[in-house]
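Visitor: Pasting in a structure now, in structure tokens, and then I'll have a few things to ask.
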Amino acid sequence: MRKIVFLGILSIIMCQMVLAQGVVTTFVNQDPDPVRAGDVVEVRFKVENFWEDTRDEVAVEILPEYPFSLYSGVQKKNLGRLTGSQFGGDEIIVDFKLLVDQKASDGDHVLKVKMYQGETEWIYDEQFFVDVEN
């Protein structure tokens, strides 16, 4: 009996993990590339849902840390409910404008993005890189 309960709980956890992994964010590009310190950069992300339709709305949040700050727009964008099994041109492109600090050093700087499904269901925390060159 314990084995059956354990296997049931394990299968629920695995299903939740698979559902959470169905929505994927990919860094598309930055404009300009590279960006100069003190300038504004637009970063674009592609959001795809490889699983089934989402029950709740999906949101993308950018978490700018030094040397970046939000230049315009909102930090968290609601994408609504996503249809399942997106292919080709069905993906959603999300963009953010960031200001690069004037004292930023050359190189790749970390930019964090979070995805949410509903109010509390956290999907994943991903890091991307923006190229800064003086």
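Visitor: So if we plug the beta-carbon distance of Asn78 and Arg36 into 1/(1 + (r/R0)^6) with R0 = 25 Å, what FRET efficiency do we get, rounded to 0.05? Working shown, then result.
Guide: Numbers: r = 32 Å, r/R0 = 1.27.
The formula returns an efficiency of 0.20 here.
Visitor: Let me ask something else. What's the carbon and sulfur percent of segment 65-112's accessible surface, probe 1.4 angstrom, rounded to a whole number?
Guide: Working: 1410 of 3020 Å².
Carbon and sulfur together cover 47 percent of it.
Visitor: Starting from the 7 Å offset along Cα-to-Cβ, what nm value, one decimal, do you get for the label separation of Leu70 and Glu57?
Guide: With each label placed 7 Å out from Cα toward Cβ, I get 1.5 nm.
Visitor: Which order, highest average first, do 53-60, 39-46, 103-110 follow once you tally other Cβ atoms within 10 Å for each residue and take the mean per peptide? Please list the in-between numbers first.
Guide: Working: 53-60: 16.1, 39-46: 17.6, 103-110: 13.4.
Ranking, from highest mean packing down: 39-46, 53-60, 103-110.
The values are calculated or read from the model by the stated rules, or taken from the named source; none is laboratory data. Note that this is a predicted model, so its numbers are computed, not measured. Cβ sites come from the backbone with ideal geometry, for glycine too, and all protein chains shown count toward neighbours. Ligands, DNA and RNA are stripped out before the accessible areas are found, and what is left, the full protein with its side chains, is counted by its heavy atoms. Shrake-Rupley method; radii C 1.70, N 1.55, O 1.52, S 1.80 Å.
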